[in-house]
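Undergrad: The structure follows.
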Amino acid sequence: MESTAIYRKPKKWTAAVLGLIIQPAGMLYVARPGWAAVYLALSVIVVLANVFVLRGREPAGEAVALLLAIICAIHAYRLARDFRELLRRPWYSRWYGLVGIIAAFAVLALGARAFLFEPFRLPSASMAPTIEPRSHLIVRKWGYGNYGTYGIHFMKTVMSSEVRRGDIMVFEYPEDRTLSYAKRVVGLPGDRISYFNKQLKINDEETQTRRIADYVHKDRPIPSRQYLERLGEHEYAILIEPDAPAGIPIVKAFPYRDRCAYTAEGLSCRVPEGHYFVLGDNRDSSSDSRVWGFVPAINIVGKVQYILQ
């Protein structure tokens, strides 16, 4: 005998709460898959607008998301109130269907973040002018062997994607692997890196640089000298402060510290196997391999694929 539970009307306040928290789930609960698709599309549009259009205006994006949630909650409440008693409720409006659908979406989203692409935000100005403070970064993770998200490590494999000089990589900070940094790779395993008097040399060859228009900061009136630096196939802007000292004022103890020699004019290092030497593009305002040493390959999270300023 067929259970009468599948004919039971959805509860109004359950529908409202689901609509407020997870808009598509609220619509599925009241057996309206079409409206669930509409609210899912609107939610995606709001998220994309926050990332691409409303950058720097997060309160406005949050207000739009809250308004959408309230509208959906009211909508779901009214649909549940007007639900016909004898209308057969499909499986996806039952508790087990909703739990299964939400769990499937959660697993897919978690898997995409852990293995494919993950968004990051860079709070500092260490990579200016390439990456402005508080920019969103989309990082490609597959091929780099360090898979996880939200502080949970799922899998470690051998790195299959090549790390090249000039790539901007996100990695776990060697001194505290719960922190993620983004820097530019300038030294590969076995390279000899020299940075004297603010001139970068790789294997005794100077990188090509040329002066361009000064960089105007958003938060201070004094501009910085800006140069274009070429590293392999990459050409990118760097900032140099002429009044900043050439030497590294504070150097921490780090593994393979004996491979580096420091002077008042800068430093020279031989990159050990399985490690990389990284620099920030804002050369005089970056804590990087000059200060805390080399980045182990196992700390690499992924390559910055998109920068959303």
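The values are calculated or read from the model by the stated rules, or taken from the named source; none is laboratory data. From a predicted model like this one, the values you see are computed outputs, not experimental measurements. All Cβ positions, glycine included, derive from the backbone under ideal geometry; neighbour counts span all protein chains shown. What goes into the accessible areas is simple: the full protein's heavy atoms, side chains included, and nothing from ligands, DNA or RNA. Shrake-Rupley method; radii C 1.70, N 1.55, O 1.52, S 1.80 Å.
Undergrad: Which number in (1) at pLDDT below 90; (2) touching a helix residue (DSSP H, G or I) at 6+ places or on another chain (Cβ under 9 Å) marks the one condition that LEU48 misses?
TA: (2)
Undergrad: Those residues that are surrounded by fewer than 18 Cβ atoms within 10 Å (Cβ to Cβ) and either under 28 Å from MET155 (Cα atoms) or within 24 Å of the chain's Cα centre (by Cα) (or both), I need them from the range 259-283; list them, please.
TA: Selection gives PRO272, GLU273, GLY274.
Undergrad: I've got another one for you. Might you check whether a residue that is aliphatic (A, V, I, L, M) and modelled with pLDDT of 95 or more occurs anywhere in the range 218-225?
TA: There is no residue in the range 218-225 that is aliphatic (A, V, I, L, M) and modelled with pLDDT of 95 or more.
Undergrad: Checking ILE238 against (1) at pLDDT 95 or above; (2) touching a strand residue (DSSP E or B) at 6+ places or on another chain (Cβ under 7 Å); (3) of a type in the set (A, V, I, L, M, F, W, C); (4) closer than 15 Å to PHE294 by Cβ, which single condition isn't satisfied?
TA: ILE238 satisfies all of (1) at pLDDT 95 or above; (2) touching a strand residue (DSSP E or B) at 6+ places or on another chain (Cβ under 7 Å); (3) of a type in the set (A, V, I, L, M, F, W, C); (4) closer than 15 Å to PHE294 by Cβ except (4).
Undergrad: Quick one: is ALA112 surrounded by 13 or more Cβ atoms within 10 Å (Cβ to Cβ), over 30 Å from ARG257 (Cβ atoms) and free of Cβ contacts under 8 Å to residues at least 60 places away in the same chain?
TA: The answer is yes for ALA112.
Undergrad: Would you please name the residue that is modelled with the lowest pLDDT, looking only at residues in the range 133-162 that are of a type in the set (D, E, K, R) and in a loop (DSSP other than H, G, I, E, B)?
TA: That would be ARG134.
Undergrad: Now for a separate question. Scan the strands (runs of 3 or more DSSP E) fully inside the range 225-307 and keep the ones with 3 or more residues being more than 30 Å from ILE138 (Cα to Cα).
TA: 260-263, 266-270
Undergrad: From the residues in the range 130-154 that are surrounded by fewer than 21 Cβ atoms within 10 Å (Cβ to Cβ) and basic (Lys, Arg), which one is farthest from ILE240 (Cα to Cα)?
TA: ARG140
Undergrad: Scanning the range 155-167 for residues that are open to solvent by 20 Å² or more (accessible area, probe 1.4 Å) and in contact (Cβ under 8 Å) with a residue 60 or more places away in the chain, which turns out nearest to GLU235 (Cα to Cα)? Write out each step before concluding.
TA: First, pick out the residues of the range 155-167 that are open to solvent by 20 Å² or more (accessible area, probe 1.4 Å): 155-162, 164-165.
Remaining after also requiring in contact (Cβ under 8 Å) with a residue 60 or more places away in the chain: 156, 159, 161, 164-165.
Working: LYS156: 32, MET159: 25, SER161: 21, ARG164: 13, ARG165: 11 Å.
Result: ARG165.
Undergrad: Checking the condition open to solvent by 20 Å² or more (accessible area, probe 1.4 Å) and in contact with a His (Cβ under 9 Å, 6 or more places away or on another chain), which residue from PRO255, PRO249 passes? Walk me through it before giving the result.
TA: Values: PRO249 fails: in contact with a His (Cβ under 9 Å, 6 or more places away or on another chain).
Residue meeting the stated conditions: PRO255.
Undergrad: Something else: Report, ordered by the first and then the second residue, all pairs with beta carbons closer than 7 Å, sequence separation of six or more or different chains, a first member in the range 19-30 that is under 11 Å from LEU79 (Cα atoms), and a second member that is outside any helix (DSSP H, G or I).
TA: If the second residue must be outside any helix (DSSP H, G or I), the pairs left are TYR29/PRO10; VAL30/PRO10; VAL30/PHE83.
Undergrad: Kindly check whether there is at least one residue in the range 68-90 that is open to solvent by 60 Å² or more (accessible area, probe 1.4 Å), of a type in the set (A, V, I, L, M), within 30 Å of GLY34 (Cβ to Cβ) and touching a Leu at 6+ places or on another chain (Cβ under 8 Å).
TA: Yes; the residues of the range 68-90 include at least one that is open to solvent by 60 Å² or more (accessible area, probe 1.4 Å), of a type in the set (A, V, I, L, M), within 30 Å of GLY34 (Cβ to Cβ) and touching a Leu at 6+ places or on another chain (Cβ under 8 Å).
Undergrad: Related question: Looking only at the range 228-262, which residues are β-branched (Val, Ile, Thr) and closer than 23 Å to GLN208 by Cα?
TA: ILE238, ILE240, ILE248
Undergrad: Another one. Could you check the range 174-222 for strands (runs of 3 or more DSSP E) lying wholly inside it with 1 or more residues that are surrounded by 11 or more Cβ atoms within 10 Å (Cβ to Cβ) and more than 25 Å from the chain's Cα centre (by Cα)?
TA: 192-196, 199-202, 208-215
Undergrad: Shifting gears a bit: Give me the pairs, please: first residue somewhere in the range 273-289 and within 16 Å of ARG259 (Cβ to Cβ) and in contact (Cβ under 8 Å) with a residue 24 or more places away in the chain, second residue anywhere and of a type in the set (Ser, Thr, Tyr) and not in a loop (DSSP other than H, G, I, E, B), beta-carbon distance under 7 Å, and either six or more positions apart or on two chains.
TA: PHE277/SER289; VAL278/SER289
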